[in-house]
Every structure is written in C-alpha cells, then in structure tokens.
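Just below is one structure, and these are the notes that go with it.
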Amino acid sequence: MPIKEDNKITADTFLDGIWKENPVFVMLLGMCPVLAVTNSVSNALAMGLATTFVLLCSSSLISLLRHLIPKEVRIATYIVIIATFVTITDYVIQAVSLELYNALGAFIQLIVVNCMILGRAEAYACKHHLLKTIVNSLGMGLGFTFALLCLGSVRELLGNGSLLGYAIFGDSFQPWVVMVLPPGGFIVLGTWLLLFNWLKERKINNEKNSSNTFANDKGVA
Amino acid sequence: MPVDSVSFIFLNAFLINNFVLAMFLGLCPFLGVSGKLNTAWSMGLATSLVMLISSLSAYFINELLVYFQIEFLRLICYIAVIASAVQLVEMSMKKFSPSLFKALGIFLPLITTNCAILGLALFQTNKNYDLAQSLAYSTGAGAGFILAIMLMAGLREKLELANVPNTSQGAAISLMLAGILSLIFMGFAGLGG
Amino acid sequence: MSQDHSPQRASSLSMIITLGVVAMLSGLLVVLTWQLTLAPIQENQRIMIEKAIFQVIPEATQRRTYQIKNNSLTPYDSHKSNAGKNRKNNSALLFYAAYDDRGQLKGIAAEAAAQGYADMVRLLYGYDPQCQCIRGFSVIKMTETPGLGDKILTDQAFLANFSALDARLDKAHNTLAHRIVTVKHGSKKQAWEIDAISGATITSKAVGKAINQGAEQLLPRLYPYLSQLQTLNASATKPSHNKKGTVINHAD
C-alpha cells in the first residue's frame, strides 16, 4: 500500500498538537507522567521539555529511516530508538541537576512507555518527511508541556500556595495539601477536562443557536 | 514489620503505594479498559502475569548487567524483555487457553506500553531487591493493579445507570472517580509505620 | 515513488540487518552519552553528599569515607567500588568522618533509612563522638507529603531535638544505652527522645527509627576505631586518591 505523503507544512501542522489534538486534554495519551510529576511547576516544565526532546529526536530519526525499516519489525525498532533517547536524557538530566533528577524519580525512564511518543511514531513520523515531522512533534511536545504546566500550576498554587517556588498567597494561606497528593492529580485533570468539555459544548450550542435563528429568519422572510 | 520483609513489600505494593492510585502507573488501561468488570478482570490478570514474568527476567538481566558493568543499557534491555514477555504470554495463552486468549484480544499487545510493568522493573532495581523480594513486589503490584482496575470497573458499571451531566461524561467523570478512590487509598499510607 | 518503500514482505535478512543497525546505533549513542556525562554526574553526587555532611556537621571542612568490614577499618574508594554499587553489601558499614581545617575529627556522618508515610525516608545523620550525641540530620531522599511530612526539615521545635540527641553507648559498648525513640508531640522528657511534630507523627517516627537503627548498628562497631580517627594525620589508613577533591572550603 503506497503511503501518500502530504509535504505541505501549514500552521496547523504545528498548532494541532497544541490545541486541536492536544495529546493530554484531547487524546488522553501519556497520562502517567501527566499526573505523577505535576505537583510543582518546575517539575512539570522539566518533564515536559524532556518528553519534547525525546519526541523530537525519535520522531525525526524514525522519519529519516522510514523507508528503510521493514514493516514487521517497526515497533521493535521504534522502541529501541525511543529507549536510546530516553537513556540519553536520563544521563543528561543527572549531569545537569541531581535535585531535579531525584524529584522526577523514575519517571524520566518511564518516558519510554509514554504512549504519546510511540503513538506519534506510528501515526505520523513514519508517514511524513523530516521537516514536517519536526514541526509536528515540536507542536505535540509543546502541547504536552502546556498541559503539564496547566496541571502543575494549579496543583502547586492550591497545594503549596506558591508558583515556581515563590510564595504567592503569603503566610495566612492554608495550603490545600491534597492537591499535591495523588488524588489531587486526578481531580485537577478531571476538572480541566470538564472545563474543556464545557467550552466545547458551549461553542457547539452557540453555533446551533445562531444557525437556528438564521433558519428562522429565512423562514420568516 | 521490618521494611525489607517479604510480607511488608507485598503489602506496600498492594495497598500503601498502589501502583495505579498512588504512583500513577498503568493509567492507560486503568482508564481505558475499566468499562466492564469481566474485561477488567482479564486485563488485570494478564497484566499481573506479564509483571511477574518481566520482573523475574529483569532481576536476572540486572545481575548480568551489573556483572558486566554495563548498567547504562538497562533501560533498553528491560523494554526489550518486557516486549518479549508480552509476546511469550500471548503465544502461550494462544496455545494453552484459546478462550482466554480470545477474551483478551487486542488488550494483550497493549500491555507492552503499560508503564506499571517497566516501572516495576525499574523500581525493584532501584530498591536493590533480591529474588524473593522482587517476587513479593511483583505479585503485590499485580494484585494491587487487579484491585484498582476491578474497583474502578465496578464503579463505572454503576455509573452507567447514573444520570451524569453531558459535560462531565467520559474521561472527566472517570478521573474524578479515580481521584476519590485515590483519596481512599491514602488511608492506607502509614500502615507500615 | 513506490520503489522507495520496502517490499510487501521484507526478508528475514533485511529485518535482522535493520534491527542490528538500529541497535548498534543506539548502543553507540548511549555509550557516548554515558562517557560524556559520567564525570559531571559523579561530581554532582559528591557535591550533594558533601553538602549534606557539612550541613549535619557544620564545623567540618573536609571529609574522608571509610568502611568497617570484617572487623577492620578501611578507606572506601568510591571509584573502585562503583562496580558493586548495586550489590547488596550487608557486612560493610559505610560512614564519613568529617574534619575541620586543622584535621581534627568533628563528627561522623552516616546514612540511615526507615519507612515513612509514603516511602522510605533516607537521611544522613551527624554523630559527635565528643558528647556522644546526634547533632543533626539531613534528608537525602524522601517522598513525604509536602506541607506535612516535609516539616521535619523546617519545623524549628523538631530540629531542636537534634541539638544534642543522646546516643551514648552502654557500659559494654555493645549497643546504645537508650534506644532513640520518637515520642508524641509535647511529651519529650529524656535526652534520647525525639519530640514528634503534631500532624507529621509518622514521618517524625521514621526519622527516629532510622537514626536509632543506624546508630545501633554503626556506633558499637565504630567505637574501637574512634581514637584512630581522631586526627586526620593520625588515621593510619589515609585514602590517597581524590584528596584534592574532598578538601572543600565550607565557606562557599
């Protein structure tokens, strides 16, 4: 089956990942790190950037090799490539800051099994040329980082009364500790999804209403 | 209870640090395959089986890696082992229990990208567990996974009958449920203190 | 365009070649990164452990690492022993002897761990041989509840427990004279008791348990060597490697 390649890079190639196909809020991919390391903004940012780096590198390599990899062993090849870049990230983070490494724990290594990365390799990188893949995975990675930051900032703000480690509310604020604990992760993500669903629903309703009035106007005329 | 006793490790992985609800591992199947009780049961069982096999293999592989001082290849080796363990379970199930194989269907290959399994292998290495401890850890984690996914499936079956507002249907309400379950599991923390 | 793509069914040979090439490539990349980052990582680890040591023994400016194994005291060479890092080594007790500028022993630091609320609390405690007491601790790794469990680092009343926590040995020097225990908030009466933080009792208890376990294990075995360790020059077995690296000015 010949694969059709659409070589045009549009703004959507980049923006899809950030909004319309946001890996976390829309596609619900890679949930484990999303919930586990978002108890503070700095952790969320580090995790997001690490994932973006791995996604970018592995997607570009897969895109480069896409004609050379036999279909039967493609998943194995992808996983090896992803694991390589994750190991590299793991060591680089250790070299840069051990504190950060300890905060993120094993979740750096668990980027390997982030379904988003394998999903992008399978669904996008093996079908598109290098430049387009880079643009798209950059968008996806930033979308992922954006989602992590959304969660991280809410959780740190409510659970610790601070943002990026700087106290926001002052001493009188009684931190809402449960927000930085595991249950808070589930609840905050659930609330974000609720918000997006509500926005989407409202938009659809608005469109429906306006088209209805339009139809009515026509009918009257 | 001493912290490195087998029974404590089991309890720790089963309840206190439940892989799904306290450590956020294996969320994809937890949210994706928890719609019905019987599929959840099969998924939990298959995952536990793979956990056990890959934990055992990871233990021996780690011994080998340490012996040759090539620990930096750990991640790549583990993921390869897990992928083959999943294949192994799939093939042996096909041969010995075709009915179970049919029931699990597409869920089996998906286990490879379940972070609970890689997480288990990595954690047991980080914690320097010996063979018996690794076994206790993996059975505990497997049992914990089954418990979590079954609880969730039971709740979601009831949820079908409930009148949930349109906006919060699907993933949003499931996450809220998971949050409440996780709150409950927080009560187990400190059990070993 | 179609000849660019692999044929419908690739031969086993091409599969093996692809996998082999990819594996080689990845191996090469990983080894390269490992080689490049090894030095900074070890440096980071050294800085972290030294920071912790100088925090629990503030007077110290330099340290030596020793181990007690098979009833003998030997300097511990972290470079040589790296290979066995992941092996269980129950018989060897590792500790750090901290000295001031003039080479006088200021304290002993050692690692200890106990189960806390969520996971293991790993800490480093500082032992002062002169007053035979614990002078402080520093957390190496913990995942305790932020805002509750991590009060053990900030709660002034709790930290005051460690101004001179009694860790005397009994007459026979076989074990601690009194077990170090964590007691309920506000009920500390003895010098070997730790007053728990209310609201973080389990974590406070973990600190007490870790220090008690660690001290009970290390101190009796350390006792015979204390005089030997008293000054830096007198210590018969001086590690010859990385001497320059371990002498760090505390003023930074």
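Compute the signed sum of charges (Lys and Arg +1, Asp and Glu -1) over the other residues within less than 15 Å, Cβ to Cβ, of A:L138.
Working: positive: A:R120, A:K132; negative: A:D12, A:D16, A:E21.
Taking every Cβ under 15 Å from that of A:L138, the sum is -1.
Compute a Gaussian network model of chain A, connecting alpha carbons closer than 10 Å, and tell me which residue from A:S58, A:S97, A:S153 fluctuates the most.
Evaluated over chain A, the most mobile residue of the options is A:S97.
Given a Förster distance of 25 Å, report the FRET efficiency between B:E63 and B:L88 from their Cβ-Cβ distance, rounded to the nearest 0.05.
Details: r = 20 Å, r/R0 = 0.80.
Efficiency for this residue pair is about 0.80.
Can you list residues from other chains, or at least 5 along the same chain, whose modelled amide H is less than 5 Å from the amide H of C:I194?
Under 5 Å from the amide H of C:I194: C:V181, C:T182, C:V183.
Report, in order of residue number, the helices in chain A meeting two criteria: a C-alpha extent of 27 Å or more along the helix axis, and a mean Kyte-Doolittle hydropathy of at least 0.5; treat each whole DSSP H run as one helix. Don't jump to the answer; show the numbers that get you there.
On the way: long enough: A:41-64 (34 Å, 1.62); A:74-96 (33 Å, 1.53); A:130-160 (42 Å, 1.13); A:182-220 (57 Å, -0.37).
In chain A, the long hydrophobic H runs are A:41-64, A:74-96, A:130-160.
How many Å² of accessible surface get buried when C and A come together, counting both sides, probe radius 1.4 Å, rounded to the nearest 100? Each step should come with its number before you reach the end.
On the way: alone 15320 and 12700 Å², together 25430 Å².
So the total buried area for this chain pair works out to about 2600 Å².
Any idea what the dipole of the protein assembly as shown comes to, in debye rounded to 20, about its Cα centre with Lys/Arg Cβ at +1 and Asp/Glu Cβ at -1? Could you put the intermediate results ahead of the total?
On the way: 51 positive and 40 negative charges, 153 e Å.
Approximately 740 debye in magnitude.
With n ≥ 4 as the cut-off for DSSP H runs, can you work out [θ] at 222 nm for chain A, using -39500 (n - 2.57) per run divided by the number of residues, rounded to the nearest 500? Intermediate values should be presented prior to the final figure.
Working: 8 runs with 141 residues, N = 221.
Calculated from helices alone, the mean residue ellipticity at 222 nm is -21500 deg cm²/dmol.
Take the alpha carbon gyration tensor of segment A:11-208, find the square roots of its eigenvalues, order them as a ≥ b ≥ c, and report rounded if a/c is under 1.5; if not, report prolate when a/b exceeds b/c, else oblate.
oblate
For a Förster distance of 22 Å, can you work out the FRET efficiency between the beta-carbons of B:L155 and B:L45, rounded to the nearest 0.05?
On the way: r = 19 Å, r/R0 = 0.88.
Approximately 0.70, to the nearest 0.05.
Is there a simple number for the mean count of other chain Cβ atoms within 10 Å of the Cβ of residues in C:196-207, and what is it? Walk me through the intermediate numbers first.
On the way: counts 0, 0, 0, 0, 0, 2, 5, 2, 1, 2, 4, 0.
So the per-residue partner count for this stretch is 1.
Using a Gaussian network model on chain B with a 10 Å cutoff between Cα atoms, which of B:S174, B:S97, B:S55 fluctuates the most?
Largest GNM mean-square fluctuation: B:S97.
Using 10 Å bins from zero, what percent of all Cα-Cα pairs in segment B:6-190 falls into each bin?
10, 35, 33, 17, 4, 1
Give me the net charge of B:T39's neighbourhood, meaning all other residues with Cβ under 15 Å from the Cβ of B:T39; Lys, Arg count +1, Asp, Glu -1.
Working: positive: B:K36, B:K102, B:R156; negative: B:E157, B:E160.
Net of charged neighbours comes to +1.
Be a star and scan segment A:117-140 for residues whose amide nitrogen sits under 20 Å from the point 7 Å along the Cα-to-Cβ vector of C:L19.
Zone members listed by number: A:118, A:122.
With +1 on the Cβ of every Lys and Arg and -1 on the Cβ of every Asp and Glu, and nothing else charged, how large is the dipole of chain B about its Cα centre, in debye rounded to the nearest 20? Walk me through the numbers before you get to the answer.
Working: 8 positive and 7 negative charges, 90 e Å.
Roughly 440 debye for chain B.
So for the pair A:E72, A:W176, with labels modelled 7 Å out along Cα→Cβ, what separation do we get in nm?
5.6 nm
Keeping all protein chains in place, calculate the accessible area per residue for segment B:28-180 (probe 1.4 angstrom), answer in Å².
Details: 6660 Å² over 153 residues.
Per residue, segment B:28-180 has 44 Å² of solvent-accessible surface.
Give the shape of the protein assembly as shown as rounded, prolate or oblate, defined through the alpha-carbon gyration tensor: a ≥ b ≥ c are the square roots of its eigenvalues, a/c under 1.5 means rounded, and otherwise the shape is prolate if a/b is larger than b/c and oblate if not. Numbers along the way, then the final one.
Values: a/c = 1.95, a/b = 1.55, b/c = 1.25.
Since a/c reaches 1.5 and a/b is larger than b/c, the shape of the protein assembly as shown is classed as prolate.
Under 18 Å from a label point 7 Å along Cα→Cβ of C:H178: give me every residue in segment C:129-146 with its amide N that close.
C:129-136
Among A:E99, A:E156, A:E72, determine the one that fluctuates most according to a GNM of chain A built with springs between C-alpha atoms less than 10 Å apart.
A:E72
With each label point set 7 Å from Cα along the Cα-Cβ vector, what nm distance links A:E201 and C:L94?
Placing both labels 7 Å beyond Cα along the Cβ direction yields 5.6 nm.
Of A:K132/B:K94; A:K200/B:K158; A:K71/B:K36; C:K106/C:K184; C:K69/C:K209, which sit over 29 Å apart, Cα to Cα? Display every interim value, and only then the final one.
Values: A:K132/B:K94 41 Å; A:K200/B:K158 27 Å; A:K71/B:K36 34 Å; C:K106/C:K184 31 Å; C:K69/C:K209 24 Å.
The pairs that break the limit, which is 29 Å between Cα atoms, are A:K132/B:K94; A:K71/B:K36; C:K106/C:K184.
Determine the shape class of segment A:106-157: with a ≥ b ≥ c the square roots of the Cα gyration tensor eigenvalues, call it rounded for a/c under 1.5, and otherwise prolate if a/b is greater than b/c, oblate otherwise. Numbers along the way, then the final one.
Working: a/c = 3.45, a/b = 1.73, b/c = 2.00.
Oblate is the answer for segment A:106-157, as a/c is 1.5 or above yet b/c matches or exceeds a/b.
Distance in nm between label sites at A:K127 and A:K208, each 7 Å beyond Cα in the beta-carbon direction?
Modelled inter-label distance: 3.1 nm.
May I ask for the angle, rounded to the nearest 10°, between helix B:115-126 and the longest principal axis of chain B, with both axes built from Cα atoms and the value confined to 0 to 90°?
40 degrees
Towards the positive end of the charge dipole of chain B, with charges on Cβ (+1 Lys, Arg; -1 Asp, Glu), say which of B:M23, B:L177, B:A132 has the farthest Cα.
The residue sitting most towards the positive pole is B:L177.
For an R0 of 56 angstrom, estimate the FRET efficiency from the Cβ-Cβ distance between C:L226 and B:K36 and round to the nearest 0.05.
0.25
The values are calculated or read from the model by the stated rules, or taken from the named source; none is laboratory data. Worth saying up front: this structure is predicted, and the values here are computed from it rather than measured. Every residue, glycine among them, receives a Cβ derived from its backbone with ideal geometry; neighbour counts consider all protein chains shown. Heavy atoms of the whole protein, side chains included, go into the accessibility calculation; ligands, DNA and RNA do not. Shrake-Rupley method; radii C 1.70, N 1.55, O 1.52, S 1.80 Å.
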